[in-house]
1. Please compare each pair in LYS172/LYS302; LYS321/LYS362; LYS172/LYS318; LYS302/LYS322; LYS172/LYS322 to a cut-off of 29 Å on the Cα-Cα distance and tell me which ones are over it.
2. Roughly how large, in nm² to one decimal, is the mean projection of the convex hull of the alpha-carbon atoms in region 294-410?
3. Hey, what does the equivalent ellipsoid look like for the chain, semi-axes from the Cα gyration tensor as sqrt of 5 times each eigenvalue, largest first, whole Å?
4. Please express the shape of region 121-210 as an equivalent ellipsoid: the semi-axes are the square roots of 5 times the eigenvalues of the C-alpha gyration tensor, given largest first in whole angstrom.
5. Sort ASP258, ASP166 so the one with the fewest other Cβ atoms within 10 Å of its own Cβ comes first.
6. Under a plain spin-label model, where a point goes 7 Å from the Cα along Cα-to-Cβ, how far apart in nm are HIS389 and ASN375?
7. Along the Cα-to-Cβ line of LEU173, 7 Å from the Cα, sits a label point; which residues in region 186-203 have backbone N less than 16 Å from it?
8. Given that compact globular proteins tend to follow 2.2 N^0.38 Å, what is the ratio of the alpha-carbon Rg of region 2-155 to that value?
Amino acid sequence: MFWTLPGARRFLDRVVNALSDGQHVILRLPKHVVDQDPIESLNRRLAEVNLGSITSWVVSEDQEPERALAQALGFEDEDAPLDTLLSCQTPPSNFIAFLNLPNEEGRYRREWQRLLARAGALAQSREGPQPFLIIALASPRTPIPSENVKLARFPWWGVLSQIDIDQVVEEKLRANPPERSADHYWLRALCRGLAGSQPRIAHELLDRNPKTVKEVLDLLRPRELIGGNEEESLEIPQYKKKFSFLGEAMSPPPTQPDRLRLWDDGWLDWEPEYGMRLNVYALAHRDQAEKIERRLWQGQSKILLPLVEQVRHLIVGKLRKKFGDDWSHEIISKIERAEREALETEIGPLAYHLRRSTKHVKNAALQHTLRDLANVAERWRDLRNELAHVKVVEHEALLSALEAARTLIRD
């Protein structure tokens with residue numbers, strides 16, 4: 001499912017396009033993305049466009065690059081010069097070699113950088129198809145060549161967006177619909193606020209469905225923040241917000257060693273709306289409940305405030321059906337124009353005047369109807385007020401408000 005997400009598909013397509021253009025490729029992926037088996041998905045995508053298939057090339061940190069390359073290509077002379085190997089016609093057509101680059105402490109890491117830079121330079125100077133192509137997998141902490149050659153670099157930074165997380169949530173809820181509608185909206189708000197651009201967080205929230213901030217903390221906390229306590233004082237500044245209409249991040253990935261480690265180990269996130277920041281796994285580990293609550297509130301505001309407006313429309317629809325288009329005048333005859341406009345457009349004034357109207361109506365049936373509508377409006381006004389005061393709406397409060405709104409639909 002991971003590689004069917006819109007952002008992930010676009011990432012694979014960009015890689016395939018670079019290979020089609022005869023460029024060698026470096027994929028710079030954090031561990032949690034490597035765990036999703038990108039090479040298998042990339043192989044399927046290459047087969048779809050008839051570009052070739054990936055041959056695994058296992059690199060030992062104690063193995064010289066030229067010797068490893070000669071063995072991978074089946075070259076008889078393992079001591080052949082690098083340019084001879086890179087120009088060799090031995091591989092079958094559409095041969096794509098895949099290698100894991102040694103990490104930043106690998107014995108031959110600089111030699112492998114030089115090999116990739118030289119491969120890119122030869123590809124740039126060569127006309128026609130390449131003898132073979134290389135896909136190198138590097139962690140964010142692995143140094144990679146910076147030369148301007150035919151060597152495409154693809155960092156997993158800003159690849160996924162809220163669109164991808166929304167797809168994860170909708171597919172999961174469609175496959176396993178919650179018994180109560182409150183859970184549906186609660187989970188959507190949880191994921192919108194806490195998952196960032198990371199599907200693994202969304203899956204964990206959807207599977208466990210924590211109902212309180214404490215349960216969220218208990219769910220996310222049992223992980224060791226790699227690197228000890230030096231990140232305790234780490235402040236993550238926001239990068240300049242640049243992104244295309246597709247939601248693809250254009251901000252550069254981090255370069256500082258401490259942030260490269262956080263990125264590789266899965267503690268760092270980037271979103272067009274918020275820039276670079278620690279994800280909720282890191283916040284939970286550091287017991288920063290107030291920041292997690294703030295993110296949950298942000299998610300609830302985006303999901304629940306539109307619901308407040310929908311409920312207000314339902315109430316107004318009931319009143320219009322009962323009293324006609326001039327329903328506000330029928331409820332309160334002596335009302336200032338500005339107050340009438342507020343009554344017709346905001347849940348707060350609507351709840352207030354509905355409650356007042358029940359004291360002046362003589363007809364018992366009508367009084368009962370207005371009282372029921374006032375009860376619903378007040379529940380959703382209170383929910384709106386919680387969000388307006390930057391407070392998280394509790395699960396039970398959301399359940400109560402939705403149950404009240406359900407009576408509007410049944411009646």
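None of the figures in this text is laboratory data; all of them are computed from the coordinates on show. No experiment lies behind these values; they were computed from the predicted model shown. Glycine gets a Cβ as well: all are built from the backbone with ideal geometry, and neighbour counts include every protein chain shown.
1. Values: LYS172/LYS302 20 Å; LYS321/LYS362 19 Å; LYS172/LYS318 34 Å; LYS302/LYS322 32 Å; LYS172/LYS322 40 Å.
In this structure, LYS172/LYS318; LYS302/LYS322; LYS172/LYS322 exceed 29 Å between Cα atoms.
2. Details: hull surface 29.7 nm².
Hull-based average projected area comes out at 7.4 nm².
3. Numbers: eigenvalues 687, 92, 57 Å².
Listed largest to smallest, the semi-axes of the chain are 59, 21, 17 Å.
4. Working: eigenvalues 372, 37, 20 Å².
Gyration-tensor ellipsoid for region 121-210: 43, 14, 10 Å.
5. Values: ASP258 12, ASP166 16.
Ordered by Cβ neighbours within 10 Å, fewest first: ASP258, ASP166.
6. It works out to 2.4 nm between the two label points.
7. 186-196, 202-203
8. On the way: Rg = 14.7 Å, N = 154, 2.2 N^0.38 = 14.9 Å.
Cα Rg divided by the expected 2.2 N^0.38 Å: 0.98.
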